[in-house]
Amino acid sequence: MQKEIERLINDKASPDEIRLSGNIVIDVNRDGSITMGHTCVKGVINIMRPNIIIDGSNAKIEVNVNDCTTSDWSLFFIHPVARNVQFRNMSVRVKIDNDANSSRTFSLIYNTAYGLKIDNCNLEMISYRQINMMGIYNNGNLDTHMDTRSDNLVISNSTIRTECYADYGQDRACAVYGVYNYLANSVTVQNTYVYVMNRGENESHKAIGVYTNGRFGRFVGNNIKANGTHNKGVLKERAHAYGFVNEGLHTVITSNNIIGEWGGKCIGLDNNGEYAVIDCNKVLSTHTICGRSVCSRANNSVIRGNVFTSTSRNARLIDHSADNCIICGNFMEVLMVPLECRSGCGIYATETCRNNIISENIIRNVLDCGIFADKTVGVIHNNMVVSYPETIAQADGKNAMLKLKLNEEMIRSIITE
């Protein structure tokens with residue numbers, strides 16, 4: 001069946017709009033591979049034809065993968081010559097059923113072409129063995145502010161789910177991504193629901209909703225959730241969950257709902273990319289022993305007008321270590337009851353910070369300190385801390401007792417009988 005679909009897509013005599021229909025069942029075998037540099041990726045369906053539309057309005061695609069342990073795989077592999085391909089109204093479900101855990105990677109869509117568009121698609125993957133998974137892997141493969149082969153990806157109005165239910169005792173690192181954008185520029189993800197789940201037992205097992213390290217990305221109006229399956233939130237020794245990881249330059253992140261939940265460490269938004277604009281988002285870190293709503297590591301960025309919340313037992317609503325940033329007009333609150341908390345801080349800024357403006361923020365219900373920052377951090381002005389009688393509104397590193405209590409290395413699992 002997959003060869004028939006591949007032939008239909010790539011046949012120049014076929015219309016530019018390919019309409020799939022019926023219940024399509026694909027059983028993956030070991031045939032076919034495409035070599036990109038030193039990486040061998042086996043494509044179940046290889047797309048080589050540019051400027052086509054693949055419409056699945058009248059089709060449902062079920063894919064059964066019985067063995068993908070010998071190579072990296074993708075369901076749809078889009079070759080660099082296949083520019084401006086469009087997927088519309090696709091419904092795809094992939095079930096991976098390996099006999100053993102694997103360090104290989106399976107991507108539902110692996111793109112190496114310019115101008116891919118994915119609109120109104122429902123894309124799902126599930127595995128009951130350990131394997132790296134990527135819903136959409138957009139591989140630009142070149143670190144440049146000029147064009148890359150995979151620039152101008154647009155994902156809109158879609159659902160992307162990737163779930164790994166591996167047994168405990170995994171012997172390898174394992175990462176599950178919804179969207180993974182590698183060095184491609186001018187990527188847009190909008191109005192899309194991304195859910196990733198990875199059951200694991202240490203920091204080498206990760207669930208990451210969206211990852212990007214390309215330039216000029218726009219992420220607007222999405223609902224993004226990363227889940228580590230540990231809903232009690234009392235153990236460090238569980239998978240780490242990251243809603244959104246940004247390592248690209250000039251990224252715009254606005255009007256999203258971003259959640260990192262149910263893990264040993266949960267981070268809603270991890271920003272490591274300079275010149276980011278982060279505004280009008282709702283970011284939550286929940287059901288975890290170590291929760292960071294936002295980790296701000298990138299210089300020259302703006303964080304404004306957001307809502308940051310957490311139910312972590314050791315919450316930091318903003319963990320900041322960068323220069324020349326504006327953090328203003330945010331509403332922040334810890335939602336865990338104080339009796340369950342071990343520590344808590346609104347804005348934690350290290351002594352390495354310089355030339356920042358932190359103003360007009362409201363910080364509620366933090367256990368220990370509203371703003372913990374040395375004077376060298378920059379201007380701290382007109383913030384409001386509304387918490388408990390024992391909460392210190394603002395302190396710096398000279399408060400040795402508070403510094404020790406807020407030290408992340410002090411966090412321990414809560415063992416209950």
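The values are calculated or read from the model by the stated rules, or taken from the named source; none is laboratory data. In this text the structure is predicted, and so the values were computed from the model without any measurement. When we count neighbours, we look across all protein chains shown, and the Cβ atoms used for this are built from the backbone with ideal geometry, even at glycine. Just the protein is used for accessible areas: all its heavy atoms, side chains included, with ligands, DNA and RNA removed. Shrake-Rupley method; radii C 1.70, N 1.55, O 1.52, S 1.80 Å.
At a glance:
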read-out	value
Any hit, segment 312-332, residues being within 18 Å of residue 269 (Cβ to Cβ) and of a type in the set (D, E, K, R)	yes
Single condition residue 287 does not satisfy, out of (1) surrounded by 18 or more Cβ atoms within 10 Å (Cβ to Cβ); (2) over 14 Å from residue 232 (Cα atoms); (3) in contact with an Asp or Glu (Cβ under 6 Å, 6 or more places away or on another chain)	(2)
3 or more residues closer than 26 Å to residue 163 by Cα and modelled with pLDDT under 90: qualifying strands (runs of 3 or more DSSP E) within segment 1-119	39-47
Some residue of segment 179-186 being farther than 15 Å from residue 107 by Cβ and out of contact with any Asp or Glu (no Cβ under 8 Å at 6 or more places or on another chain)	no
All positions within segment 358-375 that are outside any loop (DSSP other than H, G, I, E, B), open to solvent by 10 Å² or more (accessible area, probe 1.4 Å) and closer than 18 Å to residue 329 by Cβ	359, 362, 364
Pairs with Cβ under 7 Å, 6+ apart, first in segment 1-29 and without any contact (Cβ under 8 Å) to a residue 24 or more places away in the chain, second surrounded by 11 or more Cβ atoms within 10 Å (Cβ to Cβ) and assigned to a strand (DSSP E or B)	8/18
Counted residues, segment 196-225 - those being within 11 Å of the chain's Cα centre (by Cα) and either under 19 Å from residue 182 (Cα atoms) or not in a strand (DSSP E or B) (or both)	9
Members of segment 106-125 that are of a type outside the set (A, V, I, L, M) and either surrounded by 22 or more Cβ atoms within 10 Å (Cβ to Cβ) or over 21 Å from the mean Cα position of the chain (by Cα) (or both)	106, 107, 110, 111, 112, 114, 115, 121
One residue from 399, 382 being at positive phi and either aliphatic (A, V, I, L, M) or open to solvent by 20 Å² or more (accessible area, probe 1.4 Å) (or both)	382
